[in-house]
1. Place a point 7 Å from the Cα of Glu382 along the Cα-to-Cβ direction; which residues of the range 306-346 have their backbone N under 17 Å from it?
2. Go through the range 318-324 residue by residue and turn each phi into a ³J(HN,Hα) via Karplus (6.51, -1.76, 1.60, θ = phi - 60°); whole Hz please, and just put x for glycine and proline.
3. Please give the Cα centre distance for the range 149-211 versus the range 1-59, rounded to the nearest Å.
4. For the range 266-378, what is the accessible area per residue in Å², given a 1.4 Å probe and the full set of protein chains?
5. Using a 1.4 angstrom probe on the protein heavy atoms only, line up His410, His310 by accessible area, largest first.
6. Which whole-number percent is the relative contact order of the range 12-152 (Cα, under 8 Å, 6+ apart)?
7. Below 8 Å, C-alpha to C-alpha, sequence gap of six or more: please give me the relative contact order for the range 19-90 in percent.
8. Quick one: work out the % antiparallel among DSSP beta bridges in the chain, nearest 5.
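The values are calculated or read from the model by the stated rules, or taken from the named source; none is laboratory data. Keep in mind that this is a model prediction, so the values were computed, not measured. Here the Cβ positions follow ideal geometry from the backbone for every residue, glycine too, while neighbour counts run over all protein chains shown. These accessible areas exclude ligands, DNA and RNA; they are computed on the full protein's heavy atoms, side chains included. Shrake-Rupley method; radii C 1.70, N 1.55, O 1.52, S 1.80 Å.
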Amino acid sequence: MRVKNICCIGAGYVGGPTMTVIAQKCPNIKVTVVDINASRIAAWNNEELSKLPIFEPGLDEIVKDARGRNLFFSTDIDKAIDEADMIFISVNTPTKTYGKGKGMASDLKYVELCARQIARVSKSDKIVVEKSTLPVRTASAIKNILENTGNDVQFQILSNPEFLSEGTAVNDLLFPDRILIGGDNNERGQIAIQALVDIYSYWVPKERILKTNIWSSELSKLTANAFLAQRVSSINAISELCEKSGADVHEVANAIGMDSRIGSKFLKASVGFGGSCFQKDILNLVYIAKTYGLNEVADYWEQVIIMNEHQKNRFSNRIISTLYNTVSGKKITFFGWAFKKDTNDTRESAAIKVADNLLSEQAKISVYDPKVEEERVYADLEYLNSRNPDDNRELLTVQTNPYKASKDSHAIAILTEWDEFKTYDWQKIYRNMIKPAFVFDGRGILDIKKLEKIGFVCYKLGSGN
Ligand code: UDX
Ligand code: ADP
């Protein structure tokens, strides 16, 4: 079967870039990305490419290439579903904030709404592809909804998890390590799998396209993220030991990374991992394990999250203890709010928790991030619901200039590893700060020796001197 028409429901960090690359690589396929959020769709259609709703290096160029040719962004969801042979579900699946599985399980209400809408609208057979990260066995729930609608339409469900990493999404999509496609092991299932394989084959070498059963595909996504996050928590655990013992975590990471069995990636000690996937997926894994009564398995993976929380709290505690055990009324500047560099995404960013801890101690915070907008910062803090939103606005300001942000502050904390921080005139920054002027580098990106020469008192995460 040859797919001619794709619909993707959800124009977010996953759906937007993924469909843009598919459209660019498959000019014969019409790709329509739809979303209930009209302003997001309007932003995707904006003539000015700098106004796209998400920032990803290189994305604007490909959008320019494909948009209006075979790539379309629309709010007419029914029409796009009706026309499509293949429908990707890329809606958000946040951690549940209510009811059974609260704080752990994925909230599948958006996925379910999509499935119901597909069932209601479809008049012809469709392949439905799960792109959002979903807990194991979600496919069967989708299948149930689709198959019990009374319409005489055949649906095939595939799981095709996304492994792109934000900040490098375009490159990850163009040159993926692997593409994973899970489907039913019967004839119809295999035809559906092949239809999706044919799409990726436009640009991905065949040996990198893996076919599995649907549960393996779903579980592989959760497992990949759990393993990656575990590496970060492992090195972060060692960072604390380094600080006590006089070792340097960067030297340790370098030394162990040269062991080819361990490998050098994902060994950067940090103030804690963030992003929309790691925490959510591990919590999901923990919840699934608990559901099966596998308490040791659940506890094992939960420790990765506990370590991450500890790392964030340890960083804010370090700031407080260094500033003579009180930050009340003191101005602390945050360089970076995004959960990593080269993205405007702030979901689960370590900066949020660190700020929240310091605000609880009545610190004044001034935030500068090259890509994150002011209202996003306030929305992130409000989501934690720790204090009155007006208090957040009184204690925390968001600046668009790093020099202005750091003026008259007692300390600067690096929360995101943006490259531009390394290029600043740190002499100038120092001159305008209250002395002693402190720098807390939560990302290990600055040249501490140089800063100390200027006069800064420095804390480098994971370093024992
Ligand atoms: C992750 C997975 O990498 C990707 O495959 C999946 O599809 C979605 O989740 P993403 O969340 O975009 O991608 O970012 P990633 O680069 O994995 O980083 C996650 C967090 O870990 C960031 O906060 C990052 O700063 C932190 N991190 C990463 C470290 O602290 N140290 C490291 O060595 C690597
Ligand atoms: P991700 O990082 O998984 O892409 P995002 O939150 O960036 O998550 O994107 C998910 C998108 O899905 C949002 O823009 C949201 O408006 C959209 N969405 C959620 N539910 C539906 C739905 N039922 N129909 C269409 N779009 C939806």
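1. 346
2. 5, 4, 5, 5, 5, 7, 6
3. The distance from the Cα centre of the range 149-211 to that of the range 1-59 comes to 17 Å.
4. Ligands and nucleic acids excluded, the figure is 40 Å² per residue.
5. If we order His410, His310 from most to least accessible, we get His310, His410.
6. Here the relative contact order equals 23 percent.
7. Numbers: 69 pairs, mean separation 30.6, N = 72.
Relative contact order for the range 19-90 comes out at 42 percent.
8. Details: 3 of 52 bridges.
Once the DSSP bridges in the chain are tallied, antiparallel ones form about 5 percent.
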